[in-house]
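Enquirer: Below you'll find the structure I mean.
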Amino acid sequence: MSKSKSELSLNQREILQFIIYRTKSKVHPTFFGNNEYIAKYVNVKPDTVRKAIKKLEKLGYLMEAKDKHGRRHMAYTGKEFAPIVADMRNYDKRLLMQERDNYLRDLNYYKKEYELAKIGMERLEKENSELRTKLLHTETRLMQLEQSLLSQGATKEQIDWMIKQTLGGQILAS
């Protein structure tokens, strides 16, 4: 990591880029906006801007001067730093468009996959609901059968013995 990346925060780089952008014109070679104006652009508090500008001056990225009316004017010193957004003018636009098309194609593919997954989930939820209904119906019938056997004089031990005999035969058959 270069020194310029490590010594400046994102807010400081954004403030610096804003000041550079506002001073590109030969008509306005210095920036004279106050901290509140910069804070509105960078979406931070004015006190954060004040501290960031002091650090940028201390590190040699900005020069500050006062005009005859006592207003602060700042100018970028030209010291290099890692900008937040790179200059895209020298990039091959065809490659960028191909990359964009690939991402759009991926997006459409994943949208279709998402829709198929939703349909699959709905089908599984329906099957789950049907199985729960069948299970409830079977449990109800089993309880009725057990109550019927108990009302005819069978004991719980006898019912358990009949179940073991029936299940033991099924296990041996399978």
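The values are calculated or read from the model by the stated rules, or taken from the named source; none is laboratory data. Nothing here was measured: the structure is a model prediction, and the numbers come from that model. Cβ atoms come from the backbone with ideal geometry, glycine included; neighbour counts cover every protein chain shown. Accessible surface is based on the protein model in full, side chains and every heavy atom, while ligands, DNA and RNA are left aside. Shrake-Rupley method; radii C 1.70, N 1.55, O 1.52, S 1.80 Å.
Enquirer: List the residue pairs whose Cβ atoms are under 6 Å apart, where the first residue sits in the range 1-20 and is on the phi < 0 side of the Ramachandran plot and of a type in the set (S, T, N, Q), the second is at pLDDT below 80 and open to solvent by 30 Å² or more (accessible area, probe 1.4 Å), and the two are 6 or more positions apart or on different chains.
Expert: Partner pairs satisfying both residue conditions: 17/83.
Enquirer: Also, quick follow-up: Starting from the range 142-157, keep only residues that are of a type in the set (Asp, Glu), then list their pairs with residues that are open to solvent by 60 Å² or more (accessible area, probe 1.4 Å) whose Cβ atoms are within a distance under 9 Å, requiring at least 6 positions of separation or different chains.
Expert: 146/156
Enquirer: Moving to a separate point now. Only residues that are over 16 Å from residue 20 (Cα atoms) and surrounded by 12 or more Cβ atoms within 10 Å (Cβ to Cβ): list them for the range 37-58, please.
Expert: Passing the criteria: 40, 44, 45, 46, 48, 50, 51, 54, 55.
Enquirer: A follow-up question, please. In the list 135, 149, which residue meets the criterion of being within 23 Å of residue 163 (Cα to Cα) and either open to solvent by 90 Å² or more (accessible area, probe 1.4 Å) or touching a strand residue (DSSP E or B) at 6+ places or on another chain (Cβ under 9 Å) (or both)?
Expert: Exactly one residue qualifies, and that residue is 135.
Enquirer: Given the condition within 25 Å of the chain's Cα centre (by Cα) and of a type in the set (Lys, Arg), answer yes or no: does some residue in the range 114-124 qualify?
Expert: Yes, that holds for at least one residue.
Enquirer: Counting only residues that are open to solvent by less than 60 Å² (accessible area, probe 1.4 Å) and within 18 Å of residue 71 (Cα to Cα), how many does the range 16-36 have?
Expert: Residues meeting the conditions: 6.
Enquirer: Identify, from the list 99, 80, 115, the residue that is of a type in the set (Asp, Glu), loosely packed, with under 12 Cβ neighbours inside 10 Å and part of a loop (DSSP other than H, G, I, E, B).
Expert: Going through 99, 80, 115 in turn, the sole match is 80.
Enquirer: Just for the range 59-71: of the residues that are touching a helix residue (DSSP H, G or I) at 6+ places or on another chain (Cβ under 9 Å) and of a type outside the set (Phe, Trp, Tyr), which one is nearest to residue 18 (Cα to Cα)?
Expert: Only one residue fits best here, namely 62.
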